[in-house]
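The values are calculated or read from the model by the stated rules, or taken from the named source; none is laboratory data. Predicted, not measured: the structure shown is a model, and the values here were computed from it. Don't worry about glycine lacking a Cβ; one is built from the backbone with ideal geometry, like all the others, and counts go over all protein chains shown.
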Amino acid sequence: MNRTVVKLLSLAVIELSSKPSSAEVRLMIKEITVRNYRPDDLTDIFGIMSEYPSPTGKVWSADVVEEMISDALKEQPDGIFVAETGRRVVGFAIVMHRIWFNVSYLDYIQVKMKWTGKGVGHKLLEKCVDWSRQKGARIIYTETGSDNERAIEFYQKHGFKITGRIPDYYQKGLDAVILVNRLS
């Protein structure tokens, strides 16, 4: 078996494994690119959102996702990013710069379930933080459900600190945890 075939087979195994090694993660991170949103990404973003339950208890429909992207494009057209590997969209993020306060708000960051833990979220968050710095933001902040321990750990690993809570934010009994990363 030649080296190219072995490499392709090992990449297929990496994609299927649930806990890749550090070396495998580094290899995957190199293959992930983050770029600006294009209109033909909408279907892929809907597919990603469909993999996750909404913290509000509502269902993600194509119309709701289209409205979410449309609103983001109106408010911050250069703040929607997608992560792809090969030519497949495997994650996306929406970040907005609030000029008046000189802060950035990370509205969404979602990764296809089979790509979680493989560096996609890291690359997207890195892009959002760099973008925020270029805008001159002092901080970048986000919120997530108090029951979303994986997201809270992810943000903390990337320098975010818990600064507060909003009771019943998503629905009765589900608070939002506010996380902030000081950029300057």
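Details
To keep it simple, each residue is scored yes or no on (1) at negative phi; (2) surrounded by 12 or more Cβ atoms within 10 Å (Cβ to Cβ); (3) in contact with a Gly (Cβ under 8 Å, 6 or more places away or on another chain).
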position: Asp44; (1), (2), (3): yes, yes, no
position: Gly57; (1), (2), (3): no, no, no
position: Ser61; (1), (2), (3): yes, yes, no
position: Glu66; (1), (2), (3): yes, yes, no
position: Ala72; (1), (2), (3): yes, yes, yes
position: Val82; (1), (2), (3): yes, yes, yes
position: Val90; (1), (2), (3): yes, yes, no
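- Residue in region 149-172 that is among the polar types (S, T, N, Q) and in contact with a helix residue (DSSP H, G or I) (Cβ under 9 Å, 6 or more places away or on another chain) present: no
- Tallying residues that are in a helix (DSSP H, G or I) and not charged (D, E, K, R) within region 71-109 yields 2.
- Residue check for Tyr52: modelled with pLDDT of 95 or more, surrounded by fewer than 20 Cβ atoms within 10 Å (Cβ to Cβ) and outside any helix (DSSP H, G or I): no
- Residue satisfying all of: in region 118-139; under 12 Å from Ser104 (Cβ atoms) and among the β-branched types (Val, Ile, Thr); nearest to the chain's Cα centre (by Cα) among these: Val129
- Filtering Ile140, Ile166 for residues that are farther than 23 Å from Pro39 by Cα, touching a residue at least 12 places away in the same chain (Cβ under 8 Å), surrounded by fewer than 18 Cβ atoms within 10 Å (Cβ to Cβ) and not charged (D, E, K, R) leaves a single hit, Ile166.
- Pairs linking a residue in region 56-85 that is within 12 Å of Ile45 (Cβ to Cβ) to a residue that is assigned to a helix (DSSP H, G or I) and acidic (Asp, Glu), with Cβ atoms under 7 Å and 6 or more positions apart or on different chains, are Val82/Asp41.
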